[in-house]
Amino acid sequence: MKQVRAGLCLVLLMASLSCSSQPGVSTGTSATAQASAQPPSVLFGDFFETVALSNLFPDSKQWADAIPKRPPGEILERAEALGTTSPGALRTFLEEHFILRPATTAAPQPTAGLPLDEHIEQLWPLLTRRMADLPPWSSHLPLPHPYVVPGGRFQEIYYWDSYFTMLGFGPEQQELKRSMVKNFAHLVRTWGHIPNGNRTYYLSRSQPPFFYRMVGLLAPDSPARAYAEYLPELKAEHEFWMQDSESARPGAPARRVVSMPDGSLLNRYWDARDVPRDESYREDVHAANQTDRDEGVLYKDIRAAAESGWDFSSRWLADGESLHTMQTTSIVPPDLNSLLYGLERAIAQGCERTNDADCARSYEARAGARRAAVHKYLWNDETGLFDDYHLKEQQTLKHVTAAAFYPLFVGLATEEQAARVADVARDRLVRDGGVVATTLNTGE
């Protein structure tokens with residue numbers, strides 16, 4: 001049975017791949033940092049929306065990543081003087097006042113025809129970035145150490161992607177691996193959490209909490225030693241996900257924390273803002289125009305789905321296919337709660353390593369309570385899978401998704417549950433070419 005569990009862990013890793021710390025951590029954002037890190041949609045207000053909806057950019061992210069050449073206030077004054085004008089004149093104005101990246105970038109590529117391992121080896125230096133001094137008002141958040149980006153239109157680091165990137169590193173990238181962990185620790189210390197990516201418009205949300213797994217990669221023979229080194233940051237991340245937990249009540253979640261019918265605490269994906277995403281502004285507005293739902297609620301659900309990394313999956317859609325039926329914030333997912341169980345156990349191990357017995361007991365108790373709640377509410381005995389739970393309907397949704405693997409990945413599932421998940425996965429999720437995220441083909 002251990003082989004079954006290990007095999008499914010590997011399946012999860014491969015499926016997902018296709019998609020020095022300082023003592024003391026501030027879990028709040030400093031006033032100075034907050035003032036200098038407003039997203040472009042806030043800095044430029046109505047003008048940002050005008051441009052975002054103008055269809056001047058085939059990719060909305062081009063506008064979100066534009067770098068102002070002058071202070072935003074000065075640009076807004078000039079834009080107001082410009083008044084209503086043609087798309088051509090607006091384009092000319094933008095080119096005069098912003099550095100605009102091209103729609104497509106001809107980036108260097110590895111040598112053609114290489115074996116796969118050599119191809120990957122050549123990718124790392126091509127995708128590694130070293131952040132020089134940032135121009136004023138850039139949406140980029142500074143990072144002190146080298147890091148790897150996905151490439152193409154994504155020229156920033158992304159949270160959960162980076163864990164799977166690091167799994168592909170060889171011995172030559174050991175220092176780069178440590179640099180990336182240091183960067184994420186820096187983000188926790190600076191912002192109180194790890195944002196979706198190092199852009200100002202990603203600060204209102206995070207992504208699946210894989211940081212503890214990254215830390216563990218620094219000492220594969222003794223992960224607890226690495227957990228102890230980064231214990232302040234690990235605790236700060238846990239505090240971020242559990243923020244306002246004392247306010248959660250059954251039927252009344254508090255931020256990312258939900259109180260189940262018996263009062264036990266689990267988590268959901270969430271976002272602090274209820275407006276269109278800067279990087280997908282036009283697309284989000286279009287989705288809102290397809291429904292009579294409250295726009296703010298829909299935008300929160302869309303943003304929460306982006307925090308999940310499953311953006312966008314049929315598992316978040318009430319009708320299984322339409323973006324305007326997004327209901328992410330009403331769902332308690334097994335993937336997130338499995339990772340938080342792993343984080344709680346990692347903190348307990350780090351505390352034990354530092355001889356803090358009270359801390360170790362506290363976090364082991366939290367992990368134990370989460371494990372019991374996952375078994376009670378997120379195990380679907382009918383389907384033989386860990387499942388998404390709908391808060392309002394107070395039942396699992398009979399979703400057949402690769403999220404069911406996560407409790408196996410972190411050692412939360414029983415042997416019997418692992419065997420049943422394996423059987424269902426073989427029958428319904430393993431297809432030619434690998435593992436599907438869901439059994440529905442929605443075009444997403």
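Side notes on the structure shown:
- Some residue of the range 358-372 being assigned to a loop (DSSP other than H, G, I, E, B), surrounded by fewer than 23 Cβ atoms within 10 Å (Cβ to Cβ) and at pLDDT 95 or above: no
- Within the range 276-295, the set of residues being surrounded by fewer than 19 Cβ atoms within 10 Å (Cβ to Cβ) and part of a loop (DSSP other than H, G, I, E, B) comprises Asn289, Gln290, Thr291, Asp292, Arg293, Asp294.
- Complete set of residues in the range 91-129 that are hydrophobic (A, V, I, L, M, F, W, C), within 28 Å of Asp65 (Cα to Cα) and open to solvent by 70 Å² or more (accessible area, probe 1.4 Å): Ile99, Ala106
- Any hit, the range 301-311, residues being open to solvent by 10 Å² or more (accessible area, probe 1.4 Å) and in a helix (DSSP H, G or I): no
- From Arg189, Arg178, Arg213, residue being under 15 Å from Pro232 (Cβ atoms), open to solvent by 10 Å² or more (accessible area, probe 1.4 Å) and not hydrophobic (A, V, I, L, M, F, W, C): Arg189
- In the range 47-107, counting only helices (runs of 4 or more DSSP H) that sit wholly within it, the ones holding 2 or more residues that are of a type outside the set (Phe, Trp, Tyr) and under 23 Å from Gly152 (Cα atoms) span 60-64, 87-97.
- Candidates Thr438, Thr396, Thr442, Thr401 - the one that is modelled with pLDDT under 95 and within 25 Å of the chain's Cα centre (by Cα): Thr442
- Every condition in (1) in a loop (DSSP other than H, G, I, E, B); (2) under 19 Å from Thr329 (Cα atoms); (3) of a type in the set (Val, Ile, Thr) is met by Ile194 except one, and the failing one is (2).
- Within the range 167-191, residues that are of a type in the set (Gly, Ala, Ser) have Cβ atoms under 8 Å from residues that are part of a loop (DSSP other than H, G, I, E, B) in these pairs: Ser179/His145; Ser179/Pro146; Ala185/Ser21; Ala185/Tyr230, counting only partners at least 6 apart in sequence or on another chain.
- Condition check for Leu82: at pLDDT below 95, open to solvent by 90 Å² or more (accessible area, probe 1.4 Å) and over 27 Å from the mean Cα position of the chain (by Cα): no
The values are calculated or read from the model by the stated rules, or taken from the named source; none is laboratory data. Just so it is clear, the model here is predicted, and its values are computed rather than measured. FYI the Cβ positions are ideal-geometry reconstructions off the backbone, even for glycines, and counts take in every protein chain you see. The area values use the complete protein model at the heavy-atom level, side chains included, leaving out ligands, DNA and RNA. Shrake-Rupley method; radii C 1.70, N 1.55, O 1.52, S 1.80 Å.
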